[in-house]
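Notes for the one structure printed next.
Derivation of every value follows stated rules applied to the coordinates shown; laboratory data play no part. Here the structure is a predicted model, which means the values were calculated and not measured. Cβ atoms come from the backbone with ideal geometry, glycine included; neighbour counts cover every protein chain shown.
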Amino acid sequence: MPTPTDPIKGSSEPGRYWTSTNLGEACPEVMSPMCWSLWGPATEQGLLYPMYSFGVIPRSKLVVSDDPNELGVSCFYGRQALNVDVIKKTMAAVPGLSADDFERDLMGSVRPDASKFSGSPGRVPVIAAKAPVALMRTRKRLERLYEEMYADWLATVVDGEPSQTPIERLVRPVLTSNGSSACTACGASSSREPRVR
């Protein structure tokens, strides 16, 4: 599928089931291309990483696809939308959760022709081992990340070079260790795979 030239126009194969449910409150206005360039990869990584942390998906599934039909979230004419089938397939791997129940809870009903997904019992031991650890570490990790980001923000925005305006200091590009560019304001990177700690 050709890549659209306008990043907020979006593209999808026919019949793909998208919804804006649960997204309007996060970003109620039409997104600009610059805004989507930050939100898009970060939102997709925000969907994938917790599933990896809890053991629902393996590390190999942390890659953000270039195909919009394989993404959990995309943008159409500046509005975010969830790919119901992609999210449903991931949620089917959660023990005790039915993919159809997820669609019903999100959409209010299940399509009669909806794709059927079932989880693999092979992931249950991984989830049983990883989920409790992830839950116990989350608070301390968030507190540590907050302290790191706050210190970076102070050093970049408040204590930056006086010859630059605050916005210049905030969005200056930096080169990451793998050679891709990143934004100091949000940690967004042109790399298609999220950082895993």
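Listed values, structure above:
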read-out: Kirkwood-type radius of the stretch 18-141, with distances r between different C-alpha atoms, in Å; value: 15.7 Å
read-out: Sparse-neighbourhood loop sites, trypsin sites (Lys or Arg not before Pro) in the stretch 24-123 - DSSP loop, at most 16 other Cβ within 10 angstrom; value: 116
read-out: Restricting the stretch 1-86 to GluC sites (Glu not before Pro) in coil, as DSSP defines it, with at most 14 other Cβ within 10 Å; value: 25, 29
